[in-house]
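Here's a structure for you.
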Amino acid sequence: MTKISILGCGWLGMPLAKALLQNNFLVSGSTTSEDKLKVLEQQGIMPFLIALSEKETTGNVTAFLENSKILIIDIPPKLRGSENENFVSKIRNIIPFIEKSVVTKVLFISSTSVYNDAAALVSEETVPQPDTESGKQLLQTEQLLQNNSHFKTTVLRFGGLIGDDRHPIKFLAGRENLDQPDAPINLIHQEDCIGIIQKIISTHAWNVTFNAVAPFHPSREQYYTQKAVDLNLALPKFISSTNSVGKIILGDRVETVLKYTFAKPNL
């Protein structure tokens, strides 16, 4: 049985691990919470307490990576509010462990924030020019991994993540003076995130960069207003804006290269 290590068993990593187990993979999973070790173990995931910082990596990383040919890195940078870390350094600190292991393929979960918000159609051929600190550090991390000759790295740039338990309308419902009413949405459902990752693994799509966004781009006002109606929530209220622009992320490569069909195309 092929073994896969998932660095970061959170909102996406945990259900991903469960899906991989159901497809007869062995899975090692990391968490930064001692309380979650038992939860991972109960799901059949080999649990490891691993924490990455700018200065060091703590935990038994060698055992975590042991016998794994594939490593999935799914830890987002903490760059909001008062938190401001050097995410690139965190990933750089774990690379020596990967180089010493039998890992030959790395899947790095990135974000479409590596592209700026200029009004344009954006594909994988578009040169990223991030305008946020998070986007800048994610792009540097992508390059750090892709330039390493010890393993092949595929980069998966997700749009906004939504799921049955996670949707922006729950925070936007009833709010007023929301901006960017005409900007297009670029979202993807958790089910499709997991499906695309599994497809990358099953088709051996390595050394590739993918944008992963549902092929559905109504305006923010149109989409969130309708979603509020669907869920019987207070309607959000947007302000008119002459600067209401935004990018449309094209994820055609997911459908043409991976032959993937979206389970939730209309979100």
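The values are calculated or read from the model by the stated rules, or taken from the named source; none is laboratory data. Quantities reported herein were computed from a predicted structural model and do not represent experimental measurements. Reconstructed Cβ throughout: ideal geometry from the backbone, glycine too, with neighbour counts over all protein chains shown.
Of the numbered conditions (1) polar (S, T, N, Q); (2) in a loop (DSSP other than H, G, I, E, B); (3) in contact with a strand residue (DSSP E or B) (Cβ under 7 Å, 6 or more places away or on another chain), Asn116 fails exactly one; give the number of that condition.
(3)
Further question on the same structure: Scan Ala205, Ala228, Ala183 and give me the residue that is farther than 21 Å from Thr112 by Cα and aliphatic (A, V, I, L, M).
Step by step, each of Ala205, Ala228, Ala183 is checked, and only Ala228 is farther than 21 Å from Thr112 by Cα and aliphatic (A, V, I, L, M).
Could you please give the count of residues in the stretch 119-142 that are in contact with a Lys or Arg (Cβ under 6 Å, 6 or more places away or on another chain) and in a loop (DSSP other than H, G, I, E, B)?
Summing the residues that are in contact with a Lys or Arg (Cβ under 6 Å, 6 or more places away or on another chain) and in a loop (DSSP other than H, G, I, E, B) in the stretch 119-142 gives 3.
Residues in the stretch 133-159 that are in contact with a Pro (Cβ under 7 Å, 6 or more places away or on another chain) and surrounded by fewer than 21 Cβ atoms within 10 Å (Cβ to Cβ): how many?
So the count comes out to 2.
Here's a follow-up. Here is a check on your reading of the model: is Gly10 touching a helix residue (DSSP H, G or I) at 6+ places or on another chain (Cβ under 6 Å) and small (Gly, Ala, Ser)?
no
Of the residues in the stretch 197-242, how many are in contact (Cβ under 8 Å) with a residue 24 or more places away in the chain, of a type outside the set (D, E, K, R) and either surrounded by fewer than 21 Cβ atoms within 10 Å (Cβ to Cβ) or more than 15 Å from Phe158 (Cα to Cα) (or both)?
Residues that pass the stated criteria total 25.
Given the structure, is Gln129 within 17 Å of Val155 (Cβ to Cβ), under 20 Å from the mean Cα position of the chain (by Cα) and surrounded by fewer than 13 Cβ atoms within 10 Å (Cβ to Cβ)?
Yes; evaluated as a whole, the condition is true for this residue.
Give the residue, chosen from Val257, Val245, that is in contact with an Asp or Glu (Cβ under 8 Å, 6 or more places away or on another chain), within 30 Å of Val155 (Cα to Cα), aliphatic (A, V, I, L, M) and surrounded by fewer than 20 Cβ atoms within 10 Å (Cβ to Cβ).
Matching residue, one of Val257, Val245: Val245.
If Val114 meets every condition in (1) in contact with a helix residue (DSSP H, G or I) (Cβ under 7 Å, 6 or more places away or on another chain); (2) more than 23 Å from Leu71 (Cα to Cα) apart from one, which number is that one?
(2)
Can you tell me which residue within the stretch 97-126, out of those that are within 24 Å of Gln190 (Cβ to Cβ) and of a type in the set (A, V, I, L, M, F, W, C), is nearest to the chain's Cα centre (by Cα)?
Here the residue is Ile109.
Can you tell me which residues in the stretch 111-126 are of a type in the set (Asp, Glu) and crowded, with 20+ Cβ neighbours inside 10 Å?
none
Taking Val254, is it in a loop (DSSP other than H, G, I, E, B), touching a residue at least 24 places away in the same chain (Cβ under 8 Å) and of a type in the set (Val, Ile, Thr)?
When the stated conditions are applied, Val254 does not pass them.
Being modelled with pLDDT of 95 or more and outside any loop (DSSP other than H, G, I, E, B), is that true of even one residue in the stretch 242-250?
yes
Please go through the stretch 87-144 and pick out each residue that is charged (D, E, K, R) and under 25 Å from Lys55 (Cβ atoms).
The answer is Lys90, Arg92, Glu99, Lys100, Glu133, Lys136, Glu142.
Restricting the stretch 160-187 to residues that are in a strand (DSSP E or B) and of a type in the set (Gly, Ala, Ser), which is surrounded by the most Cβ atoms within 10 Å (Cβ to Cβ)?
Residue satisfying both the conditions and the ranking: Gly160.
Hey, any hits in the stretch 89-110 for a residue that's part of a strand (DSSP E or B) and surrounded by fewer than 21 Cβ atoms within 10 Å (Cβ to Cβ)?
Yes, the conditions are met somewhere in the stretch 89-110.
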